[in-house]
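Below you'll find the structure, written out as structure tokens, and then a few comments.
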Amino acid sequence: MPASSQSNFLYGAAVRTPALITDHPYQELVARYCDLVVPEGELKWASIQAKRGVFNFDKADAVVDFAKRHGIGVRGHTLAWYAALPAWTKDMASRQEAERVLEQHIRTVVGRYAGTIRSWDVVNEPFPDDPRSSHDLRKSVWLEQIGREYIPLAFRIAHETDPAARLFINEYDIAFAGSRFKSKRDALLGLVRELVNNKVPIHGVGIQAHINADRQIDSVGLQEFLHAISSLGLEVIVTELDVIDFSLPADIQLRDALVAAKAYEFLDVVCGVAAPPAVLTWGITDKYTWVPIYFTRADKLPNRPLPFDRNMRPKPLYSVIEYFRYRGRR
Ligand code: XIL
């Protein structure tokens, strides 16, 4: 479905190879409903540069080619993250070496897709759980070798390589009530303010939104955070929405309704304050979801975190997304 001025935001989803090549109903679903796709793992370091200096774009290209054939936009994920790094990155022995490696990787990847991938999660998950301040960054090879300067560096190189690309910092645990989640919002806001003050080319904040159904959403805290980001002149997009259902009742109708209600609560705040230009779910069908890797249910029933079921039928969660996508438009 082409991007439309008739909707409030573009809807997109994380997609994966090889399903995108082999699973026809999945292909049809993505082509029919998505304005945007983001490769779920195909643009991560471990996939692109498993061997030092040897770049392999086969899987990422498969996603990009699919998107091009169907007139779908592509987001990029991700350029500087602590995870999904090939083992060889541990061998970097100095700050200069790490800067060279980071720079070469970003120039090569962003350069390859310049003009095609118009929006990037440049820095992913910069903070640990319960950060003490905006200086309390998550441990990673980048932080260890380069220090917190790895963040502005990654943005500057990405911007130099493709000045038209929209560049985001992406983080999780932003929406919940509780002190460790407030710490996350405060730390992220502090870092983003610092980047803006230092004229670092950052255009927005990605809210991952892996929403645990049993956690409360802090509507006021989230509103304040979104207002603060917007008043810095930055965009907010929802990058990885899914509702983690591992503690919800087994009954499918009830579970799907609770999942949808939780997403409604979240999107109502986000769409009320920030008018996000894009909302992406992390996957589109329950057939392909990362959730069971970490959140398998005690009753062993399959998770149902996404807008379409395993048979590509829409669930109440999709109706919620559609409601906000077209609210006031038709
Ligand atoms: C996840 C993928 O979905 C999994 O398939 C992979 O094994 C691990 O990574 N936050 C992110 C994503 O930013 O990159 C993660 O993706 C999910 C959490």
List the residues whose amide H sits under 5 Å from the amide H of I217, counting only those 5 or more places along or on another chain, with H placed 1.01 Å from N in the peptide plane. A177
Testing the spin-label approximation: label points 7 Å from Cα along Cα→Cβ at R310 and N8. State their distance in nm. 3.3
Set of aspartates and glutamates with alpha-carbon distance to K139 below 17 Å, sequence-local pairs under 8 removed: D91, E99, E125, D129, D130, E149, E171
Among K184/K315; K68/K287; K90/K182; K44/K90; K51/K184; K59/K182, which pairs are too far apart, with a Cα-Cα distance over 28 Å? K184/K315; K90/K182; K51/K184; K59/K182
Residues whose modelled amide H sits under 5 Å from the amide H of H210, counting only those 5 or more places away in sequence or on another chain, are D173, D242
What residue among A83, A175, A165 shows peak mean-square fluctuation when the chain is described by a Gaussian network model with Cα springs under 10 Å? A83
Could you check the simple spin-label distance between H70 and E149, using points 7 Å along Cα→Cβ, in nm with one decimal? 4.4
Over the Cα atoms of segment 97-199, what radius of gyration and what Dmax do you get, in Å? 14.3, 42
Got a sec? Charge dipole of segment 198-285, +1 on Cβ for Lys and Arg, -1 for Asp and Glu; which of A250, H203, Y264 is way out at the positive end? H203
R0 = 30 Å: FRET efficiency of H24 with I293, Cβ-based, nearest 0.05? 0.75
Pick out the long, greasy-scoring helices in the chain: whole DSSP H runs spanning 24 Å or more along their own axis by Cα, mean Kyte-Doolittle at least 0.0. 252-273
Take the alpha-carbon centre of segment 71-129, take the same for segment 229-250, and report the distance between them in whole Å. 22
The answer for trypsin sites (Lys or Arg not before Pro) in segment 160-261 that fall in a DSSP coil and have at most 12 neighbouring Cβ atoms within 10 Å is K199
Where nothing but the Cβ of Lys and Arg (+1) and of Asp and Glu (-1) is charged, how large is the charge dipole of the chain around its Cα centre, in debye to the nearest 20? 380
Taking segment 251-330 as the region of interest, what is the percent of Cα-Cα pairs per 5 angstrom bin, listed from the shortest bin to the one with the maximum distance? 3, 14, 24, 25, 18, 10, 5, 2, 0
Contour excess over end-to-end distance, with Cα ends at I252 and K182 and 0.36 nm allotted per residue: 22.0 nm
Set the Förster radius R0 to 35 Å, insert the Cβ-Cβ distance between D61 and S230 as r into 1/(1 + (r/R0)^6), and round the FRET efficiency to 0.05. 0.50
So which trypsin sites (Lys or Arg not before Pro) in segment 1-87 end up in coil per DSSP with only 14 or fewer other C-beta atoms within 10 Å? R52
GNM result for the chain, Cα springs below 10 Å: residue of A87, A31, A263 fluctuating most strongly: A87
In Å, the Kirkwood hydrodynamic radius from C-alpha pairs for the chain sits at 20.1
q = 0.11, 0.13, 0.21 Å⁻¹, segment 24-133: log10 I(q)/I(0) [Debye, one scatterer per Cα]: -0.41, -0.55, -1.14
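FYI, it's all coordinate maths here, none of it is from the lab. Just so you know, these numbers come straight off a predicted model, no measurement behind them. Methodologically, a virtual Cβ is constructed for each residue, glycine included, from the backbone with ideal geometry; neighbour enumeration extends over all protein chains shown.
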